[in-house]
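Enquirer: Structure in structure tokens, see below.
The values are calculated or read from the model by the stated rules, or taken from the named source; none is laboratory data. Everything numeric here is computed off the predicted structure, so don't read it as measured data. Virtual Cβ from ideal backbone geometry, glycine too; neighbours counted across all protein chains shown. Areas reflect the complete protein model, heavy atoms only, side chains present, ligands, DNA and RNA absent. Shrake-Rupley method; radii C 1.70, N 1.55, O 1.52, S 1.80 Å.
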Amino acid sequence: QLQASGGGLVQAGGSLRLACVASRSIFISAYAMGWHRQAPGKQRELVASITRGGSANYADSVKGRFTISTNNAKNMVYLQMNSLKPEDTAVYYCQGSDPQNAYWGQGTQVTVSS
């Protein structure tokens, strides 16, 4: 119901754009959509989220470098990642939240080489 794509291998300083397509039922019921990441040996953390009204929130570590956006007509959520750093290496997960549930997509691997 959530399908993420766009990960890959990039050099430090480079850019990637992640995309997530949600089922229509999730997209219209969610009050927020977000991207989380999990690096090896670390807990999963919220990277960025966006509310239905378009209000975005970012982890301090990615502010000014990452931008979350949506395309409501296509049920899509994007994460534009610029100025990537090796510490951004992780599996990135798309997530949607409605009042009853949290929905997760499969992860997409992002690897940033130094």
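Enquirer: Among the residues of segment 54-78, which ones are free of Cβ contacts under 8 Å to residues at least 12 places away in the same chain and open to solvent by less than 30 Å² (accessible area, probe 1.4 Å)?
Expert: Selection gives nothing.
Enquirer: Examine segment 24-42 for a residue that is farther than 14 Å from residue 107 by Cβ, open to solvent by 60 Å² or more (accessible area, probe 1.4 Å), in contact (Cβ under 8 Å) with a residue 60 or more places away in the chain and assigned to a loop (DSSP other than H, G, I, E, B), and state whether such a residue exists.
Expert: Yes; the residues of segment 24-42 include at least one that is farther than 14 Å from residue 107 by Cβ, open to solvent by 60 Å² or more (accessible area, probe 1.4 Å), in contact (Cβ under 8 Å) with a residue 60 or more places away in the chain and assigned to a loop (DSSP other than H, G, I, E, B).
Enquirer: Can I ask one more? Only residues that are free of Cβ contacts under 8 Å to residues at least 12 places away in the same chain and surrounded by 14 or more Cβ atoms within 10 Å (Cβ to Cβ): list them for segment 43-53, please. Show your work before the answer.
Expert: Within segment 43-53, the first condition is being free of Cβ contacts under 8 Å to residues at least 12 places away in the same chain, and the residues that meet it are 43, 53.
Those that are free of Cβ contacts under 8 Å to residues at least 12 places away in the same chain and surrounded by 14 or more Cβ atoms within 10 Å (Cβ to Cβ): none in segment 43-53.
Enquirer: Now, a different point. Counting just the residues of segment 36-55 that are among the basic types (Lys, Arg) and modelled with pLDDT of 95 or more, which one comes out nearest to residue 90 (Cα to Cα)? Even if it seems obvious, please write down each step before you answer.
Expert: Let us first name the residues in segment 36-55 that are among the basic types (Lys, Arg), namely 37, 42, 44, 52.
With modelled with pLDDT of 95 or more added as a condition, the list becomes 37, 42, 44.
Values: 37: 6, 42: 9, 44: 9 Å.
Step by step, filter segment 36-55, then rank; the result is 37.
Enquirer: Out of all the residues in segment 79-114, which are touching a residue at least 60 places away in the same chain (Cβ under 8 Å) and within 16 Å of residue 31 (Cα to Cα)?
Expert: 94, 95, 96, 97, 98, 99, 103, 104
Results for (1) within 24 Å of residue 14 (Cβ to Cβ); (2) within 10 Å of the chain's Cα centre (by Cα); (3) not hydroxyl-bearing (Ser, Thr, Tyr), shown as yes or no for each residue.
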| position | (1), (2), (3) |
| --- | --- |
| 54 | no, no, yes |
| 59 | yes, no, yes |
| 71 | yes, no, yes |
| 81 | yes, yes, yes |
| 95 | no, yes, yes |
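Enquirer: Continuing with the same structure: Within segment 1-23, how many residues are surrounded by 13 or more Cβ atoms within 10 Å (Cβ to Cβ) and part of a loop (DSSP other than H, G, I, E, B)?
Expert: 6
Let's see how each residue does on (1) under 15 Å from residue 86 (Cβ atoms); (2) touching a Gly at 6+ places or on another chain (Cβ under 8 Å):
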position: 1; (1), (2): no, yes
position: 5; (1), (2): no, no
position: 11; (1), (2): yes, no
position: 16; (1), (2): yes, yes
position: 23; (1), (2): no, no
position: 38; (1), (2): no, yes
position: 42; (1), (2): yes, no
position: 45; (1), (2): no, no
